[in-house]
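Written out below as structure tokens is the structure these notes cover.
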Amino acid sequence: MKGVFITFEGIEGAGKSTQAKMLHNYFIEKNIKSVLTREPGGTALGKKIREILLTPTEDYFPPKAELMLYEADRNIHIHNIIKPNLENGINVICDRYTDSTLAYQGYARGLDLKLIENLNSIATEGLKPDITFLIDIPVEEGLKRILNTREKDRIEDEDLSFHQRLREGFLEIARKEKDRIYIINGLKEINEIFNDILEILKKRYII
Ligand code: T5A
């Protein structure tokens, strides 16, 4: 039997990593095989790409170069982690995936959405998540949470309008793919959000 492919998406500081980790721990406690991974940087090669993508640089970083690096990271990730685990019946929980590219490089940066969809499909070799949780919070709240914990990276350092377009982009993507993407209110308390996620997984017969 194949594993279930679950992705978490959202703006900066939405609480995706927190919920992805909680779900992974839940599976492990229930003796359900699970792998927790992320993009960019889910593989050894991907970690090098992540560093290039997120470290501030003096060079002009063309949006298309940025896009192709995210897609290269994804293709390496698909071959080394995502597909092999799913094929071995292991659930894969991925912190960010193709919707992030559409939202960041497409809706926020302004690259052509069709171009991104094509590259997403090449990078993933057609593999879509079974279910996606979009943790939604206002931009100001997400950035506040990040500033409470660490320094902003290259992308978090974009202006407020970039982050607003990003949030709207994610919501638009979710409206277009209602069967796959569930919008979760990220302003709730951490355990309450996790319970909302478990309820949806139960309803979908995933747990
Ligand atoms: N990117 C990525 C692209 O541009 N294109 C792409 O194709 C892809 C894949 C990756 C960057 O790359 C970009 C997006 C990103 O800019 P990242 O590290 O994966 O970077 O993404 P971040 O959003 O930066 O990850 P964060 O860890 O900062 O945000 P999370 O995961 O949403 O938030 P989390 O869970 O770490 O929580 C942040 C803080 O809030 C608290 C947590 O304890 C933590 O302190 N928190 C809550 N506080 C109150 N209430 C809640 N419900 C809370 N939930 C969490």
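General remarks:
- Within segment 31-75, the set of residues being of a type in the set (D, E, K, R), in contact (Cβ under 8 Å) with a residue 12 or more places away in the chain and more than 22 Å from residue 116 (Cα to Cα) comprises just one member, 33.
- Looking only at segment 20-49, residues that are among the polar types (S, T, N, Q) and open to solvent by less than 40 Å² (accessible area, probe 1.4 Å) come to 3 in all.
- Residue 107 vs. criteria more than 24 Å from residue 24 (Cβ to Cβ) and surrounded by 21 or more Cβ atoms within 10 Å (Cβ to Cβ): yes
- Flag if residue 65 is out of contact with any Asp or Glu (no Cβ under 6 Å at 6 or more places or on another chain) and at pLDDT 95 or above: yes
- When residue 106 is tested against (1) at pLDDT below 95; (2) under 17 Å from the mean Cα position of the chain (by Cα), exactly one condition is not met: (1).
- When residue 132 is tested against the conditions (1) open to solvent by less than 30 Å² (accessible area, probe 1.4 Å); (2) β-branched (Val, Ile, Thr); (3) more than 9 Å from the ligand (Cβ to nearest atom); (4) part of a helix (DSSP H, G or I), the lone failure is (4).
- Scanning segment 71-89 for residues that are open to solvent by 30 Å² or more (accessible area, probe 1.4 Å) and either among the aromatic types (Phe, Trp, Tyr) or touching a Ser or Thr at 6+ places or on another chain (Cβ under 7 Å) (or both) yields 76, 80, 81.
The values are calculated or read from the model by the stated rules, or taken from the named source; none is laboratory data. Everything numeric here is computed off the predicted structure, so don't read it as measured data. Backbone-built Cβ (ideal geometry, glycine too); neighbour counts: all protein chains shown. Just so you know, the surface numbers come from the protein's heavy atoms only, side chains and all, with ligands and any DNA or RNA stripped out. Shrake-Rupley method; radii C 1.70, N 1.55, O 1.52, S 1.80 Å.
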